[in-house]
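Let me begin by handing over the structure; questions about it come next.
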Amino acid sequence: MNASTSGQWQPAPGSTALYRLFDSANQLLYVGISDRPEVRWAEHALDKNWWHLVARKSVEWLSTRSAALSAESEAVTNERPIFNAIRMTDGSIVKAVYDDTVAREKITRTLLREIQEQAISAGAQITASGIARRFGVSASTAASAIRELPVGLLEHRSNKTFVSGARPAPARPWVGEKIPHDLFCEQLA
């Protein structure tokens, strides 16, 4: 039985949802199970750096957790969702990894510049969810980018993050003499 994700339909007690997450091109990203899918999706939003790719969700309620586990295993094997771990016949596990390096670096550079130029003022609160919305990335990517900012730039108070009053000096380009690699190695010896 399929159900909408709006939360209006109530599953039978003891049932478990088999859910599928799709991107905007209808590519299957992930298959999972939960007795409370909305709660599980909120957890995914915090810890899956690919979460911002999710454009559509489908839910199928199964009568037991055991039936849902079997259906999940079959779906992962047959439908090959991008971000589920797949056990190969040799016993190895293959899992796609979403590389968010470029997005993290862009966010970190932008925030650093904006803080240095005081476009983001001292005392302003910085949240992963706000940064995620602004840059169109997952909260986990935004949180990683925030953690990569220089030490002392942010203050943590009462489980919240704020821009500190200190401003790191902008990075200066190297203006010294370039030494050929062989000469540099000779000088070290």
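The values are calculated or read from the model by the stated rules, or taken from the named source; none is laboratory data. The shown structure was predicted, so the numbers you read here are calculated from the model rather than taken from an experiment. Virtual Cβ from ideal backbone geometry, glycine too; neighbours counted across all protein chains shown. When the accessible area is computed, the model is the full protein with side chains, heavy atoms only, and any ligands, DNA or RNA have been set aside. Shrake-Rupley method; radii C 1.70, N 1.55, O 1.52, S 1.80 Å.
Tell me which residues come under 5 Å, amide H to amide H, from THR161 once H is placed; ignore anything under 5 positions away on its chain.
Residues meeting the amide H criterion: ILE126.
R0 = 22 Å: FRET efficiency of ALA55 with SER15, Cβ-based, nearest 0.05?
Values: r = 26 Å, r/R0 = 1.17.
Approximately 0.30, to the nearest 0.05.
Another question, then. Once phi is turned into θ = phi - 60°, what whole-Hz ³J(HN,Hα) does the Karplus curve with 6.51, -1.76 and 1.60 give for every residue of the stretch 38-49, x standing for Gly and Pro?
The phi angles translate into 4, 5, 5, 5, 4, 5, 4, 4, 7, 10, 10, 5 Hz.
Obtain the nm distance between the two label points defined at GLN125 and ILE93 by a simple spin-label model: each point lies 7 Å from its Cα along the Cα-to-C-beta direction.
3.7
With a 1.4 Å probe and all protein chains kept in place, how much accessible area does ILE93 have, in Å² rounded to the nearest 10?
ILE93 exposes around 110 Å² with every protein chain in place.
Could you tell me the relative contact order of the stretch 1-121? Use alpha-carbon pairs under 8 Å, at least six residues apart, and round to a whole percent. Working shown, then result.
Details: 157 pairs, mean separation 31.9, N = 121.
Relative contact order, the stretch 1-121: 26 percent.
A further question follows. Leaving out ligands, DNA and RNA but keeping every protein chain, what accessible area does LEU21 have, in Å² rounded to the nearest 10, with a 1.4 Å probe?
Accessible area of LEU21: about 0 Å².
Using packing as a proxy for protection, rank 107-116, 151-160 so that the peptide with the highest average count of other Cβ atoms within 10 Å comes first. All intermediate terms of the calculation are to be shown ahead of the outcome.
On the way: 107-116: 17.6, 151-160: 10.2.
In decreasing order of mean packing, 107-116, 151-160 become 107-116, 151-160.
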